Amino acid sequence: MEFGAGTGKLAAGLLNALATLDAAFETYSIVELSGELRERQRETIEAQAPALANRVRWLDALPEHFEGVVVGNEVLDAMPVRLFVRADHGADAVAHDSRESAPALIGHTINGHTLNDHGTHGAAWYERGVTVAADGRFTFADRPLASPADAALLAGIDADGGYVAETHEAALAFTRTVCSMLTRGAAFFIDYGFPRHEYYHAQRAQGTLMCHYRHRAHGDPFLYPGLTDITAHVEFTGIAEAGVEAGADLLGYTSQARFLMNAGITDALAEIDPQDIEHFLPAANAVQKLLSEAEMGELFKVIAFSRGISETLTAFSRGDRSHTL
Ligand SMILES: C[S@@+](CC[C@H](N)C(=O)[O-])C[C@H]1O[C@@H](n2cnc3c(N)ncnc32)[C@H](O)[C@@H]1O
C-alpha cells in the first residue's frame, strides 16, 4: 500500500522490482487524495509496468486492518503543519501591539521593541494563524497561544531571540492511523527531516516551511493557493513516538544513503556493465544523487515500523540511528 504516489514513478519501479524478485503479492494499493495525480499514476504505471498494472487499486477509504507493506515517500512532509513564532528580544523585534492592527510577517520590524502578553518586554510565542486581508489575500495573523501543550513544547526550545517553529499534528495522526491499521507487516516512510533535538535547534531559527511552484522554491505559502506545493521537514522523534503509541515496533531509523547501501544499491549498480554507457550512466547518476551527502543521502531519512513480525531488516543492519530519536 503506497500513500501519496505522486507521479507513480516509485510505484512502477516497485512493481517491476517485485516482479524481478518474483515476490508474491496480491495487490498494490494506492491512497491518493488528488484525482489529477491518480490519473497520472495510472498512465505512468501502464507505461512503465504494463504487465502488473492490473494489480493496482486506488483506495477511497482505508481498510480497518492491513497485512503487508506500507510505503510513503515524501508524503509526511506534505501534511499540514502549524506555525509558531517568537519575536526577537532586540532591535529586530515585532511589537505585540502591531499584531492587532496589522498581521506580523516574518522579518517585519516595528519600533525595535517587543511587548509580550503581559505588556512587558520579552519574547512571547504566538501561533501564526491565517486571515484574509482587506485586499482579499490570505495573510498571517499571529495570536497568543491557546494550548498549554503547545506552550510546553515551545518552552523547551533552547534558543534565544527570534524563532519560527512548526508542529506536525497531521503527520502524527497519519502515522498513528497507519500503525493501528497494520496487523502484520511493515511501514516505511522516507522523507527529509531530523530527530526532535536537531529539529528545534537554536540554529534552525527560521523554521523549515518551504514552497515550490513549478520547480521554483519560494517562501510565500499564500502565492498561488492550491497550486503551490507547501512542505515542511519531518520531526522524526514525534513520528517514532506516534507509531509506537499506536502499538507498532520501531524497526529502524537511518539516513537514506545508509538504508540503500545496506539494502545493496551498489551491488545493483555493479550488475550493469559500465561499458553500456546508455544504461550505466543514468543509473550511476541516480545512485550518486540518492547517496550523496550533498544531495539526498543525508538529509533524507528512512523510518520503519513493524507489527506482528519478528524479522529484522538488512537495510537497518548497520548505522541504525533509532537511539538518536
Ligand atoms: C511529493 S509527492 C510524493 C512523491 C511520490 N511518493 C514519489 O515517490 O514519487 C506528495 C504526495 O503526497 C500526497 N498527499 C499529500 N497529503 C496526503 C495525505 N494526507 N494522504 C495521502 N496522500 C497525501 C500528494 O497528493 C502527493 O501524491
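Just one residue in the set Ala202, Ala217 is in a strand (DSSP E or B) and exposed (fewer than 13 other Cβ atoms within 10 Å of the Cβ); that residue is Ala217.
Being touching a helix residue (DSSP H, G or I) at 6+ places or on another chain (Cβ under 7 Å) and more than 18 Å from Leu76 (Cα to Cα) holds for only one residue in Ala23, Ala49, Ala17, and it is Ala49. Restricting attention to the range 184-199, the residues that are touching an Asp or Glu at 6+ places or on another chain (Cβ under 6 Å), surrounded by 21 or more Cβ atoms within 10 Å (Cβ to Cβ) and farther than 15 Å from Glu166 by Cα total 1. Screening the candidates Phe194, Phe259, Phe222, Phe236 for the property of being of a type in the set (A, V, I, L, M, F, W, C) and within 16 Å of the ligand (Cβ to nearest atom) yields one hit, Phe259. When the range 46-72 is limited to residues that are closer than 26 Å to Thr237 by Cβ and more than 14 Å from the ligand (Cβ to nearest atom), the one that is farthest from the chain's Cα centre (by Cα) turns out to be Phe66.
Evaluation of Asp220 against the conditions (1) within 17 Å of the chain's Cα centre (by Cα); (2) of a type in the set (Asp, Glu); (3) more than 30 Å from His65 (Cβ to Cβ) shows that the sole unmet condition is (1). Once the range 73-89 is narrowed to residues that are among the β-branched types (Val, Ile, Thr) and under 19 Å from Phe194 (Cβ atoms), the residue that is nearest to the ligand (Cβ to nearest atom) is Val75. Scanning the range 15-40 for residues that are over 21 Å from the mean Cα position of the chain (by Cα) and basic (Lys, Arg) returns a single hit, Arg40. Per this entry, Ala146 is not counted among residues that are assigned by TED's automatic domain parsing to the domain that holds Asp249, modelled with pLDDT under 95 and outside any helix (DSSP H, G or I). Restricting attention to the range 26-45 and to residues that are loosely packed, with under 15 Cβ neighbours inside 10 Å and farther than 17 Å from Val75 by Cα, the residue that is nearest to the ligand (Cβ to nearest atom) turns out to be Glu39.
The values are calculated or read from the model by the stated rules, or taken from the named source; none is laboratory data. Remember, predicted model here, so these are calculated numbers, not experimental data. For neighbour counting, all protein chains shown are included, and Cβ atoms are generated from backbone atoms with ideal geometry for every residue, glycine included.
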